[in-house]
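Input: a single structure, listed below in structure tokens.
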């Protein structure tokens, strides 16, 4: 099966490419609630992309260029690992001057409410390496399910922000792989806590987790691999 989709410029991460979580969510959509997406190249904006679905998974391509590969898989994270912290309400870990991609659809401080998701976590005062924020997703009507690609997007950036807690310097990173379990529907107009936590690093690789929590119940869970990059190559 094959279809065509375009990523609207509104859903950017860097100005010239799709947000990684949003792009991954589009690639994973045919596979159901558990999937792992490896991002192979930046997703161009406002460009027809081919989504090819087979029994083995999904390939998202821009012509001959492979953008993303998706397979059925679940995060290698036990639910007990998810930090149970309240949003601190303090200043975001990445301020406006430190943000490499300030127009990111998910976490960009230059996006207005209703345009971007404005998910900008602050550091937990009680758990090192953990960030958290409150999120009330928009939707067509209160209680309506939030489309999966927006849930994937919401799980993306908070895991990345956790990499910068208690660091003296900020380094540019981009999402390399996101593995998600959509445990239950995320409802528009309902308040959630989003948490992200640092899980280690190896060379240029950074490992993190993120979750969307409703009270004490995890409704979405993600395991992320981030890659340190040269910022000049990603900022248009």
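Throughout, read-outs are computed from the coordinates displayed, never taken from laboratory work. On a predicted model such as this, the values are computed, not experimentally measured, just so you know. Every residue, glycine as well, gets a Cβ built from its backbone with ideal geometry; the counts of neighbours run over all protein chains shown.
Among 118-127, 21-30, 153-162, what's the highest-first ranking by average C-beta atoms within 10 angstrom per residue? Show your work: numbers first, answer last.
Numbers: 118-127: 19.4, 21-30: 26.9, 153-162: 28.9.
By packing density, highest mean first, the sequence is 153-162, 21-30, 118-127.
For the stretch 80-149, list log₁₀ I(q)/I(0) at each q in 0.25 Å⁻¹, using the Debye formula over Cα point scatterers of equal strength and ignoring solvent, two decimals each. Results for the stretch 80-149 at q = 0.25 Å⁻¹ read -1.14. With springs only between Cα atoms under 10 Å apart, run a GNM on the chain and tell me which of 132, 224, 112 wobbles the most. Top of the fluctuation ranking is 112.
The largest-to-smallest principal axis extents of the Cα set in the stretch 116-209 are 43, 28, 23 Å.
Computed over the chain, relative contact order equals 21 percent, with contacts defined as Cα pairs under 8 Å that lie 6+ residues apart.
Contact order for the stretch 33-116, expressed relative to its length and based on alpha carbon pairs under 8 Å spaced 6+ residues apart, stands at 21 percent.
As a test of the formula, what do you get for the chain when each DSSP H run with n ≥ 4 contributes -39,500 (n - 2.57) and the sum is divided by the residue count, at 222 nm and rounded to the nearest 500 deg cm²/dmol?
On the way: 2 runs with 23 residues, N = 236.
Dividing the helical sum by the residues of the chain leaves -3000 deg cm²/dmol.
The base-10 log of I(q)/I(0) for the stretch 29-157, evaluated at q = 0.13, 0.17 Å⁻¹, reads -0.73, -1.17 [Debye formula, identical scatterers on Cα atoms, solvent excluded]. If you take the alpha carbon atoms of the chain and fit the smallest convex hull around them, that volume is 123 Å³ per residue. If one computes the Cα centroid of the stretch 134-196 and of the stretch 1-69, what distance in Å separates the two points? Computed from Cα coordinates, the inter-centre distance equals 18 Å.
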